Every structure is written in structure tokens, then in C-alpha cells.
Amino acid sequence: MRVLVFGAGAIGSLLGGLLSARHEVLLIGRKAHVDAIREHGLRVSGKTVRLAKPDAATRVPGGAEADLVVVAVKAYDTSSAMTHLRGLAKSATFLTLQNGLGNADVIGRTALRVVAGTTAHGVTFVGPGEIRHAGVGETVIGPWRGVDEADLVRLRDVLDDAGIPTRVTSDVRTELWAKVVVNASINPLAALAGVPNGRLVRDKRLLATVEAVCREAAAVARAEGVAIDAAETVHRTTLIARRTAANRSSMLQDLDLGRRTEIDAITGAILRAADRHGLATPLNRALHALVKARDSAAA
Ligand code: KPL
């Protein structure tokens, strides 16, 4: 398979690195990372240890061809990513496992075949040419536009075979909501407290806050018609925090690097839905305001 990964951050690099063992992979990323990969390969440490050899470039080459395009940029960059990927929009299958709500909608405005999903792997960007696979998690994929079950099963097999255990769902909207609730419960708190995910479940005060944020967000998901159970979602959130205990959440990594966070696609999406239903969400609103303040400080 010819795979193009647009966005060689932590998760994009992990997916591209693992897929490159069996497939022709081109990673599109920042210059320093691309230069390091071209020179020494992509070093993966932690739960997966390997020196992967994907091809890498800073932009999509003219006339590029791909069977699978993995969009792995931050949620706020999805729309601009699609302007660079327009040339592949009719021929390739697009896969998004990005955090936040709205990515698949944006991709589906241009691409004819779209698979949406979530992944709970914890990956830390160590530096140019190097990532740490800090926690293993489930990947779930489902149909968004122009794909059928056979396409999903084939893609699942490709991901499974690359060492990315994947499940197919027919209800990807529920999965996306469940994951956004998990991210809203872990990422802002880990980012503001400056702690790896594991501390959120080891520290009793932080754990109580994670659970309260999670219940509040799950109530919003239910108001949106998503069948998720609050207790089960709290359980899932703490399980993911435990399994990715050593990881610094992507939002904490963004603040560490002085970069913009995905708070608007995660907690912001929950607040917008809460407003539609007249639901009070004081904890999520406070976390949104605090992370936004750190975002603007960085900007
Ligand atoms: O999705 C994540 C993230 O950091 O964005 C988790 C699964 C919480 C891992 O840290």
C-alpha cells in the first residue's frame, strides 16, 4: 500500500513508522523532523522499540499518489491540510484518528472516501527523528463517507498487521464522542497540572476532578443523543490514563512546546453542544478558560 501521513507529530509518526515495515510510507512533517528521519530513520522507543525507515518530506510532492492518506495534523489545521491534499481527494481513502470533533466533516467536504476513528495510544514527541510510544491503546475505525464494510475490514487488517490493534464499528459518532469526553477529562487537567497521565489517577484530588469533569462532559454527550453511560465513561477514562501513565498528554506537550492546543476541538466542542441544550458545564468551562489563557500566553 502507498501511505501518505500528513502531519508527522507524535501520533502521525507512530502510525507512519509502524506502517513503514510493510508499506511504502511518506511522512509529511516539519523540516527538522524530516531531515532527521531522512538521515537516521525514525527512532521509536518505549512500548515499541524500532528504527523505522519511512520516507519523509516537508510538503506533498507534485503528482504524489497514495492508496491511504492519514490526516494526523492538529484539529485546527485539518482544513488547511485538505488544501494540500486536494490532489489525492478523489483517488485515496482518507483516515482520521485525530483528537476532537469535526475533523471527519472537514475532510469529507473534499475527500470522496473517508474513514473516521479514534486511537488511545499515548505517544510523546521526544525530538527530531525520535518518538516514545508511552502507552498502548485501542484504535477504532468506522465509515464516514464513501466506504463500505469490506474497505473497513481491509484497513483494519492493514493496521492490525502493522501492530496497531484495531476494531471496526458501525457507530463511529459514538466512538468520537466517547473519545472527546476522555480527552476533555484528561488533557486539560494534565496540561494545567503539568503532570503525566498516570498522576491524574494516582493523586486522589486530581482523580476526583477527572471524574467530575468526565461526568459533566458525558451528560452533554447524552443530550446530543449519544448513548454513552457516565459510569462506564469514567471507567474508560481512568483506564486510558492508567494505560498511558507515562505519557504527557498531547495538550501538555503542546504547552511544553509553546504551541497552540486543541482545546477548542475538545472541550470547546463540548461547551458548544452544552449551549445548544442549555446545560451548565462549570468545570469544563473553567478548564477551557484556563487552557485558552495559556494558549494566548504562548501566542
Ligand atoms: O489522546 C490522548 C492525548 O494525549 O491526546 C491520550 C489517549 C489521552 C493519551 O495521552
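The values are calculated or read from the model by the stated rules, or taken from the named source; none is laboratory data. Treat the numbers as computed from the prediction; the structure is a model and nothing was measured. Here the Cβ is made from the backbone with ideal geometry for all residues, glycine too, and neighbour counts use every protein chain on show. When the accessible area is computed, the model is the full protein with side chains, heavy atoms only, and any ligands, DNA or RNA have been set aside. Shrake-Rupley method; radii C 1.70, N 1.55, O 1.52, S 1.80 Å.
Restricting the range 109-129 to residues that are without any contact (Cβ under 8 Å) to a residue 40 or more places away in the chain and either touching a helix residue (DSSP H, G or I) at 6+ places or on another chain (Cβ under 7 Å) or assigned by TED's automatic domain parsing to the domain that holds N187 (or both), the residue that is nearest to the ligand (Cβ to nearest atom) is V114. Condition first: within 19 Å of the chain's Cα centre (by Cα), acidic (D, E) and either more than 30 Å from L112 (Cα to Cα) or open to solvent by 40 Å² or more (accessible area, probe 1.4 Å) (or both). Can you find one or more residues in the range 204-216 that meet it? Checking the range 204-216: not a single residue is within 19 Å of the chain's Cα centre (by Cα), acidic (D, E) and either more than 30 Å from L112 (Cα to Cα) or open to solvent by 40 Å² or more (accessible area, probe 1.4 Å) (or both). Out of curiosity, is L159 more than 30 Å from P196 (Cβ to Cβ) and touching a strand residue (DSSP E or B) at 6+ places or on another chain (Cβ under 6 Å)? No; evaluated as a whole, the condition is false for this residue. Scanning the range 90-99 for residues that are in a loop (DSSP other than H, G, I, E, B), more than 26 Å from G163 (Cβ to Cβ) and open to solvent by 60 Å² or more (accessible area, probe 1.4 Å) turns up at least one hit.
Kindly indicate the residue of the range 155-179 that is assigned to a strand (DSSP E or B) and within 16 Å of the ligand (Cβ to nearest atom) and also nearest to R22 (Cα to Cα) among those meeting that condition. By that ranking, first place goes to T166. Candidates are the residues of the range 237-259 that are outside any helix (DSSP H, G or I) and of a type in the set (A, V, I, L, M); the one that is farthest from A190 (Cα to Cα) is L257. No other residue among V201, V136, V140, V182 is open to solvent by 50 Å² or more (accessible area, probe 1.4 Å), within 24 Å of G46 (Cα to Cα), among the aliphatic types (A, V, I, L, M) and within 14 Å of the ligand (Cβ to nearest atom) apart from V136. State which residue is farthest from the ligand (Cβ to nearest atom) when the search covers only the range 143-154 and only residues that are closer than 19 Å to H23 by Cβ and crowded, with 20+ Cβ neighbours inside 10 Å. So the residue we want is V147.
Within the range 226-255, being over 18 Å from L200 (Cα atoms) and open to solvent by 60 Å² or more (accessible area, probe 1.4 Å) holds for A227, D229. Residue count for the range 1-15, restricted to those that are in contact with a His (Cβ under 6 Å, 6 or more places away or on another chain) and among the β-branched types (V, I, T): 1.
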